[in-house]
Structure formats: C-alpha cells, structure tokens
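Chemist: The following block contains the structure, expressed as structure tokens.
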Amino acid sequence: MGRRCWPRRALAAACLGAALLLLGAAPRALSPAFENSLGSGWLGGKRRSPLQMLYDLDQGPSSALAEVHRQRRDLLRRACSRHTRRQRLLGPEDLRHVLVDDAHGLLYCYVPKVACTNWKRVLLALSGHARGDPLAIPAHEAHAPGRLPSLADFSPAEINRRLRAYLAVLFVREPFERLASAYRNKFARPYSAAFQQRYGTRIVRRLRPRAHPDALARGHDVHFAEFLAYLLDPRTRREEPFNEHWERAHALCHPCRLRYDVVGKFETLAEDSAFVLGLVGASGLRFPAPPPRAKGAAARDLAERLFRDISPFYQRRLFDLYRMDFLLFNYSAPSYLRLH
Ligand SMILES: *[C@@H]1O[C@H](CO)[C@@H](O)[C@H](O)[C@H]1NC(C)=O
C-alpha cells in the first residue's frame, strides 16, 4: 500500500529541486532501490532510518496506528490534488519552519499553537541536550533562534537530499481552536506585551476611529472581532505575511509541495508523538505530557464562545481564509458556525 507513496515523494523533491535553482540530478525513486542505498549508509548500517521503519510498517502486517497514518497521508494527497492549483515555486526561505535532525533522519515542521514548544524540546533532547529530558529545557531555550537547524539553512542539493531520505512530520490542529488559542495567548492575556505592542496597537489604529490614547499606545484590549477584522483586511497580508501564530498551517509547512510521512494532530498528540518517537527509535524518550482532556475541551469551548459573537458574514469569510487547513487535514466545519 505504502509503495504508491514513495515515487510521489521523489516527484515532490524533484519539483522542489527545480524550484531551487535547478540544482542536482533527478532524485532516484525511493523504493526498492532506496532500501539498499539508505540502509547501508545509515548510522553505519546499525539501525534502520525512521523512513525505512515507516516503510516496513506499511509493508508488514497491518497495525491500527500505521493504518490511521496511512489514511491521513492518502487524504492529504487527495485533498492536495483536488484543491490546489498551480503553485508558485518554493525557495529555501519557504522551508524556514522545517527543522532538521540529521542524527535521526527526521524533519519536523513546526506550527505554533500546536505543541511546538514541546516538540522543539524533544528535538533538542534527541540531540543530547539536558541529558535527554525534554522537560528540563526551558521554553525560551527551545524557541531560541538557531538552536535547531532549519531546512532553510541548507543548499538546494542538501535540502533535496534530506527531503528524500528523512521522515517528514508535521503536527496540525483544528484551525479555529488554534486561532482562538493564539488570540487568547497574544491579545487577551497580559503576558504578551510584545504582541500587543506590535500587533495590538496596529489593530487599534486601523479599526477604531476614535481610539482611546491608552489603547493606541498599548494595544492591550483588542477584541476577538477586531482581531478577525484585521486578519480579513486585505491590507494586512499586503503589508507582510501573517505572523506565524495565525498563519495557516499549509502556508507554513507546504504539505502539498513537500511529502509529509506523518500528519500528527494536536487532538491525538500523545499517540501521534509516541508513534513518531517509535519510528525514530527513541521510544524511551518521554514526550512532555499533553494537555489533559479537560483543557482540550476548554480550548473547544473557548473557540465556540469567541465565535458566537461573530456575524455569519465574518464567520463565512474566516472559514474561507482557513478553508485549506480544514480540507487538507480532515477537519469538518465546526457545528457552531452559521455558514448558510
Ligand atoms: C476524517 O474525518 C472523519 C470524521 O471525523 C473520520 O471519520 C475519518 O476517519 C477521517 N479520515 C481520516 C483519513 O483521517
């Protein structure tokens, strides 16, 4: 079953190769030739690479978890071919969010508000920081620029080599829960003065004709409706790309251009993380405890509560803005939306 997937990855890499300065020969197909070429060189042949581990799982007796991930990959690929038109070419800078673990043969595309702090901690722990204990790594250290190499730091040939041989993983989340979580973290709570200063003041200036001087100076009291109006205002993206906390996951990770082997979900974070760590051969590494069920429900409630006060017109336009993330990752339109 999985066999079908590999040549497409090669193809995606080939397209990317062309996009990136036309470097490198056409990449070889990944199976079964890749079995030999990768198997021998990998860590002195001592261990199978995570990508080979996934390949084995797909060829072997069916495991429920491997089947879930195979279906997610298939759904993503079908949604991509149905919904994407000609796309602009990618350059290295477009791959800034894809982090690289050369020692394990792993690529992880991080999407803020989807447990990315913990995944960055895990990548650091995998490379030996904090004696392999992710939780001993402070959040600010996990996010410090340059701590983890990004695909964007490599030459096109080096990028393509990694895209062909490494297990590529991304984690996604229900788009409106993610958006509600970003709003709460960056605007509704006092601890993000930097965001309020940078974006809050801009939103107030643009949207409130007779704003209070205090709000103009601090940007500390932006309403959810104002935040959405800012997102939907065409001027916003003309000025600069969305901030990564509310940029669409597909625009950060390019899942229709790069071949992702595992689509992890925030909603099943513990299982999906364990699946990836198993492939990487680091089952012993403890993924930091995901939010308890109660907090998951709270995130859903928060999104529902915030969207309740938004007019159907804005709800529809916002759904359009995030539509690709809903479609590609198999999220249905939330029942609280009034789309018709
Ligand atoms: C897509 O979502 C539906 C409804 O939640 C679910 O039944 C189905 O198994 C999902 N498909 C995949 C491939 O994840």
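Chemist: Does LEU163 satisfy being more than 22 Å from HIS245 (Cα to Cα), touching a Pro at 6+ places or on another chain (Cβ under 7 Å) and assigned by TED's automatic domain parsing to the domain that holds ASP272?
Modeler: So LEU163 fails the test.
Chemist: Among the residues of the range 263-271, is there at least one that is in the same structural domain as LEU75 (by TED's automatic domain parsing), more than 16 Å from the ligand (Cβ to nearest atom), in contact with a strand residue (DSSP E or B) (Cβ under 8 Å, 6 or more places away or on another chain) and open to solvent by less than 20 Å² (accessible area, probe 1.4 Å)?
Modeler: Within the range 263-271, the first condition is being in the same structural domain as LEU75 (by TED's automatic domain parsing), and the residues that meet it are 263-271.
Those still in the list that are more than 16 Å from the ligand (Cβ to nearest atom) too: 270.
Filter again for in contact with a strand residue (DSSP E or B) (Cβ under 8 Å, 6 or more places away or on another chain), leaving none.
Within the range 263-271, none of the residues are in the same structural domain as LEU75 (by TED's automatic domain parsing), more than 16 Å from the ligand (Cβ to nearest atom), in contact with a strand residue (DSSP E or B) (Cβ under 8 Å, 6 or more places away or on another chain) and open to solvent by less than 20 Å² (accessible area, probe 1.4 Å).
Chemist: Failed condition for ALA274, given (1) open to solvent by 40 Å² or more (accessible area, probe 1.4 Å); (2) assigned by TED's automatic domain parsing to the domain that holds ARG162; (3) in contact with a Leu (Cβ under 7 Å, 6 or more places away or on another chain), with all others met?
Modeler: (3)
Chemist: Any residue in the range 312-332 that's more than 16 Å from the ligand (Cβ to nearest atom) and of a type in the set (D, E, K, R): show its pairings with residues that are open to solvent by 30 Å² or more (accessible area, probe 1.4 Å) and not in a helix (DSSP H, G or I) at Cβ separation under 7 Å, as long as the two are six or more apart or on different chains.
Modeler: Correct list of pairs: ARG316/LEU339.
Chemist: Going residue by residue through the range 167-189, is there one that turns out to be exposed (fewer than 15 other Cβ atoms within 10 Å of the Cβ) and under 30 Å from ARG317 (Cβ atoms)?
Modeler: As a first pass, look at the range 167-189 and keep what is exposed (fewer than 15 other Cβ atoms within 10 Å of the Cβ): 189.
With under 30 Å from ARG317 (Cβ atoms) added as a condition, the list becomes 189.
Within the range 167-189 (the criterion being exposed (fewer than 15 other Cβ atoms within 10 Å of the Cβ) and under 30 Å from ARG317 (Cβ atoms)), the answer is yes, since at least one residue qualifies.
Chemist: Also: Would you be able to tell me the number of residues in the range 44-96 that are over 17 Å from ARG259 (Cα atoms), more than 14 Å from the ligand (Cβ to nearest atom) and in a helix (DSSP H, G or I)?
Modeler: Total meeting the criteria: 6.
Chemist: Which condition number does ALA144 fail, the rest of (1) away from the ligand (no atom under 16 Å from the Cβ); (2) among the small types (Gly, Ala, Ser); (3) touching a helix residue (DSSP H, G or I) at 6+ places or on another chain (Cβ under 8 Å) being met?
Modeler: Of the numbered conditions (1) away from the ligand (no atom under 16 Å from the Cβ); (2) among the small types (Gly, Ala, Ser); (3) touching a helix residue (DSSP H, G or I) at 6+ places or on another chain (Cβ under 8 Å), the odd one out for ALA144 is (3).
Chemist: Give ARG218, ARG257, ARG208 a once-over and let me know the one that is open to solvent by 60 Å² or more (accessible area, probe 1.4 Å) and touching a helix residue (DSSP H, G or I) at 6+ places or on another chain (Cβ under 9 Å). Break it down into steps so the answer makes sense when it comes.
Modeler: Numbers: ARG257 fails: open to solvent by 60 Å² or more (accessible area, probe 1.4 Å); ARG208 fails: open to solvent by 60 Å² or more (accessible area, probe 1.4 Å).
So the residue among ARG218, ARG257, ARG208 that is open to solvent by 60 Å² or more (accessible area, probe 1.4 Å) and touching a helix residue (DSSP H, G or I) at 6+ places or on another chain (Cβ under 9 Å) is ARG218.
The values are calculated or read from the model by the stated rules, or taken from the named source; none is laboratory data. This one's a predicted model, so the numbers in the text were calculated from it and none came from an experiment. Backbone-built Cβ (ideal geometry, glycine too); neighbour counts: all protein chains shown. For the accessible areas, the whole protein counts, side chains as well, though only heavy atoms, and no ligand, DNA or RNA atoms are used. Shrake-Rupley method; radii C 1.70, N 1.55, O 1.52, S 1.80 Å.
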